[in-house]
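The structure appears below as structure tokens.
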Amino acid sequence: MSTVVVREIARMRRMAEEARRAGRSVGLVPTMGALHEGHAALIRRGRAGSDFLVVSAFVNPTQFDRAEDFARYPRTLEADVETCSALGVDAVFAPAAEEMYPAEPLAFVEVAAVSEHLCGAFRPGHFRGVATVVSKLFHIVGPDRAWFGEKDAQQLAVIRRMVADLNFPVEVLAVPTVREADGLAMSSRNRRLSAEERAEAPALYRALEEAAGMVGRGCADAGAVKRAALARLDGHPGMRLEYLEVVDEGSFQPVERITAPVRIAAAVWLGQTRLIDNVFAAPALSPGGTSTAPGAGSA
Ligand code: AMP
């Protein structure tokens, strides 16, 4: 069956309900379109893990903190539908902004603490916009399962917490970050990089890998780990640092001593383009094979 493009909320709801009534499980992969191989990885998991698979492609205005970023965000619906079709997606949900927000919204979903630091600190309202639109998509599609990328690890943590706290009957599944051969995390924004910026971009991942390696080798001092990563970025004058943090894997709160699994996350600017990336790191194991920290290793 070919992929159907759905523009209306009522029709999307009806199609998903019909699938459910026919005993089919419903899957959702939320995206902002401009699909690349990172999205394709989520869609393949979704295809294997659900009977009726919906990919949403919606550039959500309420999660942009800068109007210029929203205006410049790539929109490639025709190509996205082709990609979805090739991957066996049942429906692409691509509503207009007026369909999703017919009036100025007054109700929002806010996930405290998890959204406080990192991107939350630098992009006011961003995670409120994300949590609100994902909750709307969950209400419209009613998925049994939804797939999200670790590329946006803080977003994943926000969604997991929203689902847990608000009892959404959805299983949230994480997909590892898909990277270019040189390590750069795939992103719809990468296509905005100039040739020089693109050449500098992989330095971000290399710095994060360096930091994760230090943690793996037993360094528990988050400050030292950060300094080593920052030293790696210093050789790249074209790259402007927004943040680089070591945060607890569960709470996304900054840590000073690394005694449990952490995310090392960073945001940088290359010219007009903002890139984010993150890596997982766990404290070194003791010679006995158990973690040096209670509770560590339970990623
Ligand atoms: P976006 O279209 O950027 O909002 O992303 C939609 C979904 O795709 C989110 O769950 C992202 O985390 C995920 N995603 C984006 N880029 C990648 C990537 N390089 N690897 C894995 N997942 C990704």
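For A22, are the conditions met, namely being in contact (Cβ under 8 Å) with a residue 12 or more places away in the chain and either of a type in the set (A, V, I, L, M, F, W, C) or touching a helix residue (DSSP H, G or I) at 6+ places or on another chain (Cβ under 6 Å) (or both)?
On the way: in contact (Cβ under 8 Å) with a residue 12 or more places away in the chain: no; either of a type in the set (A, V, I, L, M, F, W, C) or touching a helix residue (DSSP H, G or I) at 6+ places or on another chain (Cβ under 6 Å) (or both): yes.
Answer is no for this residue.
Here P95 does not fit the description of being within 11 Å of the ligand (Cβ to nearest atom), crowded, with 18+ Cβ neighbours inside 10 Å and closer than 18 Å to T132 by Cβ.
Could you please let me know if S25 is buried (at least 18 other Cβ atoms within 10 Å of the Cβ) and small (G, A, S)?
no
Out of all the residues in the stretch 100-107, is one or more under 29 Å from R24 (Cα atoms), open to solvent by less than 50 Å² (accessible area, probe 1.4 Å) and either touching a residue at least 60 places away in the same chain (Cβ under 8 Å) or not β-branched (V, I, T) (or both)? Walk me through how you get there before you give the answer.
The first filter runs over the stretch 100-107 and keeps only residues under 29 Å from R24 (Cα atoms), leaving 100.
Then keep just the ones that are open to solvent by less than 50 Å² (accessible area, probe 1.4 Å); that gives 100.
Within this subset, residues satisfying the condition of being either touching a residue at least 60 places away in the same chain (Cβ under 8 Å) or not β-branched (V, I, T) (or both) are 100.
Scanning the stretch 100-107 turns up at least one residue that is under 29 Å from R24 (Cα atoms), open to solvent by less than 50 Å² (accessible area, probe 1.4 Å) and either touching a residue at least 60 places away in the same chain (Cβ under 8 Å) or not β-branched (V, I, T) (or both).
If you check A157 against the conditions, is it under 15 Å from the mean Cα position of the chain (by Cα) and either open to solvent by 40 Å² or more (accessible area, probe 1.4 Å) or modelled with pLDDT of 95 or more (or both)? Yes; evaluated as a whole, the condition is true for this residue.
A quick yes/no check of all residues on (1) at pLDDT below 95; (2) open to solvent by 40 Å² or more (accessible area, probe 1.4 Å):
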site: R13; (1), (2): no, yes
site: G46; (1), (2): no, no
site: Q63; (1), (2): no, no
site: R66; (1), (2): yes, yes
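Taken as a whole, the stretch 12-29 holds at least one residue that is within 15 Å of the ligand (Cβ to nearest atom) and among the β-branched types (V, I, T).
Pick from D80, D90, D144: which is open to solvent by 50 Å² or more (accessible area, probe 1.4 Å) and touching a residue at least 12 places away in the same chain (Cβ under 8 Å)? Steps first, please.
Numbers: D80 fails: open to solvent by 50 Å² or more (accessible area, probe 1.4 Å); D90 fails: open to solvent by 50 Å² or more (accessible area, probe 1.4 Å).
Just one listed residue meets the conditions, D144.
Summed over the stretch 198-207, residues that are within 14 Å of the ligand (Cβ to nearest atom) and buried (at least 19 other Cβ atoms within 10 Å of the Cβ) total 3.
Could you go through the stretch 246-255 and let me know if any residue there is open to solvent by 40 Å² or more (accessible area, probe 1.4 Å), in a strand (DSSP E or B), hydrophobic (A, V, I, L, M, F, W, C) and within 23 Å of V158 (Cβ to Cβ). No. Restricting attention to the stretch 139-197, the residues that are among the charged types (D, E, K, R), more than 14 Å from the ligand (Cβ to nearest atom) and part of a helix (DSSP H, G or I) add up to 4.
The values are calculated or read from the model by the stated rules, or taken from the named source; none is laboratory data. This one's a predicted model, so the numbers in the text were calculated from it and none came from an experiment. All Cβ positions, glycine included, derive from the backbone under ideal geometry; neighbour counts span all protein chains shown. The protein model used for the area step is the full one, side chains on, heavy atoms only, and it has no ligands, DNA or RNA in it. Shrake-Rupley method; radii C 1.70, N 1.55, O 1.52, S 1.80 Å.
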